[in-house]
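The values are calculated or read from the model by the stated rules, or taken from the named source; none is laboratory data. As the structure is a computational prediction, the values presented were derived from the model and not from experiment. We place every Cβ from the backbone using ideal geometry, glycine too, and count neighbours over all the protein chains shown. Surface accessibility is based on the protein's heavy atoms, side chains included, excluding ligands, DNA and RNA. Shrake-Rupley method; radii C 1.70, N 1.55, O 1.52, S 1.80 Å.
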Amino acid sequence: MNINRIALIGFMGSGKTTVGLFLSKELSYPFIDLDCYIEEKEGEKITKIFSDKGEDYFRERESFYLNEVIEDYEKVIISTGGGIILKEENRKLLKEKSFVIYLYGNFDTLINRLQKEEEFKKRPILKRDIKEVKEIYEMRQKYYRETAHLILGTEGKNPNLIVKEIIKGLQAYGKM
């Protein structure tokens, strides 16, 4: 595990990008939102990749770019997509090469947050029935938990408080 590479995992709406930006500023580490990185490298939006080339293609590229970021950056904050943990190779890579923080939120809270976003319906997973989305959320819990070095609940917390908890978690590992 490399404590200087910090990967934020969790379901969509858990605050990975927001917390990642705050943490990046606090630690003076570069910040990479992996979904944005993929869009930049592929030259198209994730929704278009999903619709034109399918989820399997997207997941393969996601793994490729995760590996690229981990190889290219010694110090970095990575905000991952919610489905990054679906592939065992990604879980293993994250756990071995970075300090993984699972930002946990209950399903209803996350969906409420997402519904306030302008981009809400553009997320590929949200084109499905809400019951199916909840099943996906529940299925992923096991993978988030087994991949994480640190699990932080986000309910009722602002990003500054979450960053303070992350710093304490890093210090508890004795690496900071």
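I need a count of the residues in the stretch 129-176 that are open to solvent by less than 70 Å² (accessible area, probe 1.4 Å), of a type in the set (Gly, Ala, Ser) and at pLDDT below 95. Step through it out loud before you land on a result.
Taking the stretch 129-176 first, the residues open to solvent by less than 70 Å² (accessible area, probe 1.4 Å) are 133, 136-137, 140-141, 143-144, 147-150, 152-154, 157, 159, 162-163, 165-167, 169-170, 174.
Right, trim to of a type in the set (Gly, Ala, Ser) and you get 148, 153, 169, 174.
Narrowing further to those that are at pLDDT below 95: 153, 169, 174.
Final tally of qualifying residues: 3.
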TODO: Give me the pairs, please: first residue somewhere in the stretch 151-169 and touching a residue at least 40 places away in the same chain (Cβ under 8 Å), second residue anywhere and open to solvent by 20 Å² or more (accessible area, probe 1.4 Å) and of a type in the set (Lys, Arg), beta-carbon distance under 7 Å, and either six or more positions apart or on two chains.
DONE: Ile151/Arg145
TODO: Determine whether Glu89 is among the charged types (D, E, K, R), touching a residue at least 24 places away in the same chain (Cβ under 8 Å) and farther than 29 Å from Lys134 by Cβ.
DONE: no
- [ ] Taking Leu21 as meeting all but one of (1) aliphatic (A, V, I, L, M); (2) under 27 Å from Ile136 (Cα atoms); (3) in contact with a helix residue (DSSP H, G or I) (Cβ under 7 Å, 6 or more places away or on another chain), write down the number of the exception.
- [x] (3)
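If we scan the stretch 143-150, do we find a residue that is within 20 Å of Asp108 (Cα to Cα), in a helix (DSSP H, G or I) and among the charged types (D, E, K, R)? Working first, answer last.
Going residue by residue through the stretch 143-150, those that are within 20 Å of Asp108 (Cα to Cα) are 143-145.
Retained after the next criterion (residues that are in a helix (DSSP H, G or I)): 143-145.
Now restrict to residues that are among the charged types (D, E, K, R): 145.
Yes; the residues of the stretch 143-150 include at least one that is within 20 Å of Asp108 (Cα to Cα), in a helix (DSSP H, G or I) and among the charged types (D, E, K, R).
Does Glu74 fit the bill of being assigned to a loop (DSSP other than H, G, I, E, B), at negative phi, open to solvent by 20 Å² or more (accessible area, probe 1.4 Å) and in contact (Cβ under 8 Å) with a residue 40 or more places away in the chain?
Yes, satisfied.
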Task: Conditions (1) open to solvent by 30 Å² or more (accessible area, probe 1.4 Å); (2) at pLDDT below 95: number failed by Phe22 - done: (2)
TODO: Within the stretch 35-59, track down each residue that is of a type in the set (Phe, Trp, Tyr) and either touching a residue at least 40 places away in the same chain (Cβ under 8 Å) or crowded, with 16+ Cβ neighbours inside 10 Å (or both).
DONE: Tyr37, Phe50, Phe58
Open item on the list: Yes or no: the stretch 1-11 includes at least one residue that is over 14 Å from Ile101 (Cα atoms), in contact (Cβ under 8 Å) with a residue 12 or more places away in the chain and not aliphatic (A, V, I, L, M).
Closed with: no
